[in-house]
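Worksheet: the structure to be examined is printed underneath.
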Amino acid sequence: MEKKRVDEQEPPPASLPKVDRFGFLKQETNSPDGLAKSRSAAESEREEKRIKKWRKMIGVGGSDWKHYVRRKPHVVKRRIRKGIPDCLRGLVWQLISGSRDLLLMNPGVYEQLVIYETSASELDIIRDISRTFPSHVFFQQRHGPGQRSLYNVLKAYSVYDRDVGYVQGMGFVAGLLLLYMSEEDAFWLLVALLKGAVHAPMEGMYLVGLPLVQQYLFQLDQLVRKHLPKLGEHFTQEMINPSMYASQWFITVFSYSFPFHLALRIWDVFLFKGVKIVFKVGLALLKFCHDDLVKLPFEKLIHALRNFPEDAMNPDILLPMAYSIEVSKRLEELKEEYEKQHGKLSERVKQRLQQTS
């Protein structure tokens, strides 16, 4: 009995930090996190069935994927829009982005870039590492495995494409990928995105002057005026332009300050269909909050555009709204209009590179 009393007085062992199912530290222990709730038996069974369907669609190591996409593109599109099962996300992202093919065609290249090359951006990358997903357990430890992997991927890319080098927003893209795949896989997915393995190349977003971001902001501004004219007019009166709130939407594809479960669902569609989903989600957010936004003066408006309410961030409400907004044709027209005013992106990029070299 005496021994038991002594044991009871000993301090309890330090508890591990509370994290959500994605590995982010929980802000409040009692926060109503719908994602963290234990699933009912019926929900678990439904999820298991969904994973089985996906495994059948992918095949062993992705062997059936291309064949399935050719045969049943509508099924693939519908399932991706519903969200890729988290346990298969890394593999599917590599398949839909074209990065798996790049990896297979370039054996040993990543290792060469990491080990044997030096980059002019190394100090900038080191400075920014701790700012990338600081509340995620994988990236928290100074010089820990997460920070080392992130450094390696960003350094390797800055050597692989010295014209782009490294820009701060790239850390969030690489960090997101590293949570679902190895360093080498994340590197080749970054290459696939920036060089345009499947969709239009993203590298113009990270070049000097962010020329592609400027084009996207012009397109978004015009789309707001078309789809939400009252809000567009209010933005004009309050002197709000998209660079004040939407640059990060494009540079990090919503991975910087948006709830992670929503960012993942957007990335599922983004890797499959390209940047169009960023415009659609942006418009859906503005539409969802429209009636509140049109009443706000400048300072409150800026705050609201950078801090959307929690109910606007529900992917099951926001994404169907986004899918229903048609932008393809207008985006193409606006791109042509922008190029008439500013010249083609490729020409502007060449000029900028000549100026900086």
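The values are calculated or read from the model by the stated rules, or taken from the named source; none is laboratory data. Here the structure is a predicted model, which means the values were calculated and not measured. Quick reminder, even Gly has a Cβ in these numbers, built from the backbone with ideal geometry, and neighbours come from all protein chains shown. Calculation scope for accessible area: heavy atoms of the full protein, side chains included, ligands and nucleic acids excluded. Shrake-Rupley method; radii C 1.70, N 1.55, O 1.52, S 1.80 Å.
Please find, among Val167, Val159, Val198, Val191, the residue that is among the β-branched types (Val, Ile, Thr), in contact with a Ser or Thr (Cβ under 8 Å, 6 or more places away or on another chain), in contact (Cβ under 8 Å) with a residue 24 or more places away in the chain and not in a helix (DSSP H, G or I). After ruling out the rest, the residue left standing is Val198. Got at least one residue in the range 81-101 being open to solvent by 60 Å² or more (accessible area, probe 1.4 Å), in a helix (DSSP H, G or I) and β-branched (Val, Ile, Thr)? No, the range 81-101 contains no residue that is open to solvent by 60 Å² or more (accessible area, probe 1.4 Å), in a helix (DSSP H, G or I) and β-branched (Val, Ile, Thr). Of the residues Glu117, Glu184, Glu203, the single one that is farther than 30 Å from Leu286 by Cα, at pLDDT below 95 and of a type in the set (Asp, Glu) is Glu117.
Here is a yes/no grid of residues against (1) open to solvent by 30 Å² or more (accessible area, probe 1.4 Å); (2) under 30 Å from Val69 (Cβ atoms):
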{"site": "Leu104", "(1), (2)": "yes, yes"}
{"site": "Val159", "(1), (2)": "no, no"}
{"site": "Gly165", "(1), (2)": "no, no"}
{"site": "Gln168", "(1), (2)": "yes, no"}
{"site": "Leu190", "(1), (2)": "no, yes"}
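Results for (1) among the small types (Gly, Ala, Ser); (2) free of Cβ contacts under 8 Å to residues at least 12 places away in the same chain; (3) in contact with a strand residue (DSSP E or B) (Cβ under 8 Å, 6 or more places away or on another chain), shown as yes or no for each residue.
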{"site": "Cys87", "(1), (2), (3)": "no, no, no"}
{"site": "Gln94", "(1), (2), (3)": "no, no, no"}
{"site": "Arg100", "(1), (2), (3)": "no, no, no"}
{"site": "Leu103", "(1), (2), (3)": "no, no, no"}
{"site": "Asn106", "(1), (2), (3)": "no, no, no"}
{"site": "Gln112", "(1), (2), (3)": "no, yes, no"}
{"site": "Ile115", "(1), (2), (3)": "no, yes, no"}
{"site": "Ser121", "(1), (2), (3)": "yes, no, no"}
{"site": "Phe133", "(1), (2), (3)": "no, no, yes"}
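Among the residues of the range 226-272, those that are surrounded by fewer than 18 Cβ atoms within 10 Å (Cβ to Cβ), polar (S, T, N, Q) and not in a helix (DSSP H, G or I) comprise Asn241, Ser257. Among the residues of the range 310-325, write down those that are open to solvent by 60 Å² or more (accessible area, probe 1.4 Å) and more than 16 Å from Trp267 (Cα to Cα). Passing the criteria: Glu310, Asp311, Ile317, Ser324.
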